[in-house]
1. Does any residue of the range 522-545 turn out to be assigned to a helix (DSSP H, G or I) and open to solvent by 70 Å² or more (accessible area, probe 1.4 Å)?
2. Out of (1) outside any strand (DSSP E or B); (2) under 26 Å from Ala292 (Cα atoms); (3) open to solvent by less than 20 Å² (accessible area, probe 1.4 Å), the odd one out for Gly132 is which?
3. Could you look through the range 442-471, keep only residues that are among the charged types (D, E, K, R) and open to solvent by 10 Å² or more (accessible area, probe 1.4 Å), and pick out the one that is farthest from ligand 2 (Cβ to nearest atom)?
4. Within the range 186-197, take every residue that is of a type outside the set (Gly, Ala, Ser) and surrounded by 22 or more Cβ atoms within 10 Å (Cβ to Cβ) and give me the one that is nearest to ligand 1 (Cβ to nearest atom).
5. Before we move on, is Leu203 within 14 Å of ligand 1 (Cβ to nearest atom), in contact with a helix residue (DSSP H, G or I) (Cβ under 6 Å, 6 or more places away or on another chain) and free of Cβ contacts under 8 Å to residues at least 60 places away in the same chain?
6. Out of all the residues in the range 377-397, is one or more in contact with a Phe, Trp or Tyr (Cβ under 6 Å, 6 or more places away or on another chain), in a strand (DSSP E or B), open to solvent by 30 Å² or more (accessible area, probe 1.4 Å) and at pLDDT 95 or above?
7. Could you figure out which of (1) within 30 Å of Gly285 (Cα to Cα); (2) crowded, with 24+ Cβ neighbours inside 10 Å; (3) more than 16 Å from ligand 2 (Cβ to nearest atom) isn't true of Lys158?
8. Could you list all residues from the range 224-263 that are on the phi > 0 side of the Ramachandran plot and within 16 Å of ligand 2 (Cβ to nearest atom)?
Amino acid sequence: MLTTNKKLLQWVDDMAAMTQPDKVVWIDGSEQQLDALRAEACQTGEITKLNDEELPGCYYHRTNPNDVARVEHRTFICCSDKQDAGPTNNWMAPQEAYAMATDIFTGAMKGRTMYVIPYSMGAVASPFAKAGIELTDSIYVVLNMNIMTRIGASVLDKLGDSDDWVRGLHGKCEMDEEKRYILHFPEDNTIWSCNSGYGGNVLLGKKCFALRIASYQGLRENWMAEHMLLMGIENPKGEIHYVAAAFPSMCGKTNLAMMIPPESYRRKGYKVWCVGDDIAWIRPGADGRLWAVNPEAGFFGVAPGTGKKSNPNALETVQKDTIFTNVALKDDGTVWWEGLNDSPPEHALDWKGRPWTPACTEKGAHPNARFTAPARNCPCISPRWEDPQGVPLSAIIFGGRRAKTAPLVYQARDWQHGVFVGSIMASETTAAASGAVGVVRRDPMAMLPFCGYHLGDYLNHWLQMGKLVSNPPEIFHVNWFRLNDDGKFIWPGYGENFRVLEWIIRRCRGEVGAETTPIGYTAKPEDIDLEGLDYHIAPGKPFGPADLKEILSVEKAYWRDDAAGIREFFGKLGDRLPAEIADELDKLDENVK
Ligand code: OXD
Ligand code: MN
């Protein structure tokens, strides 16, 4: 036994009495114990050891083909008052949810082992850190939690007899899609997840705790849990400014977090430091600024599309101590996925384990195949990524995927307007994605599937947090995805996005002017440095100042349409939409008339 915490011991006993495992094993975090678990999981086929020369310490796993992504329609916020979950979450009454899941969990671990994983979100010594215990019958989950969080005895030592820890129960059960539930009980600090083995549903420290439960904790304790990357931007003087950025899922957060600046900037001494790629916990500091930590210890990134051009640092990160899930398995014991390179293997096994060749019509890797890799492996990991105090924020950036509406970059007028800018974040389906073109999905602060309470209250919390700090970060919005009339991306993206980040930092430092527009301040085209940019939108059409002018433009007609869509979306939030945000929408309407 690694603890004398009575409540914790009682809870483990209660959960074991319900699920009836053959044995209960406490995870102490030692390499010896983890090695024994890796060996056991290799023996049962749950994971496969990869080529140890090419990919030392790496393993391969396939999920059940019916279980490859987060299941938003089966994710519930179970708080006592339905109104508190709000119109954007599924809700179930706590008693009903516990009763239903108790049926599913009763006896579900018979013949299996229950692992007790003590884990910390945030460096154990950090004042931002919070503890969780995850019970699971999956070694894959133990091994992933070991990469994504800090696990083991040190977490229990820090916790002592405290009752401030999140109770997480995960069981694979029968992997029955119809009985798959991800249940959050924010009032009880509790998460129950059953019938899934996919990371986003079962690594309970991540979306379930660090966003849904933590957002609710932050509301009560005056801090914020956000779906944001964290990065440091170093200038040639060696000064580092930290920014947090929110983008909807699959919009390139991991790529941005570890980007490499263009050669012309690197020569001058600019650098990017990655602090985190998915989640930020943010608190007011004694100095009147907001300070942020990355509560995770690893990256759970999408493999397809990760290649030399999109994210060379991620590729280097996954060369050792990484778990690959649902990618293609090559005959030489290495892995491959679409977008890794232009040389697919002549023969491999696909993510379902079937023989695969480049002639196959189906993909070798599932589009949501993942790597789980330790953050310490990242070549540009910030020396401060585990700083217990976190890093001070100079800027918050919101991003969307918009074909025409949002310019490449604009800055909010003040905090309140910035909260509005975050609240109207949206992604639009483009010709590149499947399905209808031009459908707008509103995703405030990229938190739509992750906010553990009413979205109207969440926006109000943002407004209140701004009042707690005398020197809040500047707020910006970026859109890398403007399309020309041929449906082609105008902006090159990837590392070239650094040119926009540099403008943002200069704005924060008061070093550059801006254009006043109906939606905020945009960059003057001449203030975005294009030195060394070698990008052709089409053969014989190099990107130039006229293109920059086009993607910085604000067309009132598009914004009039957008304002109508925003009004419709806000209508769902009813009287919990803060008056300040409604005012901002009125102002936008007025400005784009
Ligand atoms: C993720 C997501 O996996 O946002 O990070 O879906
Ligand atoms: Mn995410």
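1. Yes, some residue in the range 522-545 is assigned to a helix (DSSP H, G or I) and open to solvent by 70 Å² or more (accessible area, probe 1.4 Å).
2. Unmet for Gly132, out of (1) outside any strand (DSSP E or B); (2) under 26 Å from Ala292 (Cα atoms); (3) open to solvent by less than 20 Å² (accessible area, probe 1.4 Å): (1).
3. The qualifying residue farthest from ligand 2 (Cβ to nearest atom) is Lys467.
4. Ile191
5. no
6. Within the range 377-397 (the criterion being in contact with a Phe, Trp or Tyr (Cβ under 6 Å, 6 or more places away or on another chain), in a strand (DSSP E or B), open to solvent by 30 Å² or more (accessible area, probe 1.4 Å) and at pLDDT 95 or above), the answer is no, since none of the residues qualifies.
7. The single condition Lys158 does not satisfy is (2).
8. Scanning the range 224-263 gives Met250, Gly252.
The values are calculated or read from the model by the stated rules, or taken from the named source; none is laboratory data. Owing to the predicted nature of the structure, the values given are computational and were not obtained by experimental measurement. Here Cβ is always computed from backbone atoms with ideal geometry, including for glycine, and neighbour counts include all displayed protein chains. These accessible areas exclude ligands, DNA and RNA; they are computed on the full protein's heavy atoms, side chains included. Shrake-Rupley method; radii C 1.70, N 1.55, O 1.52, S 1.80 Å.
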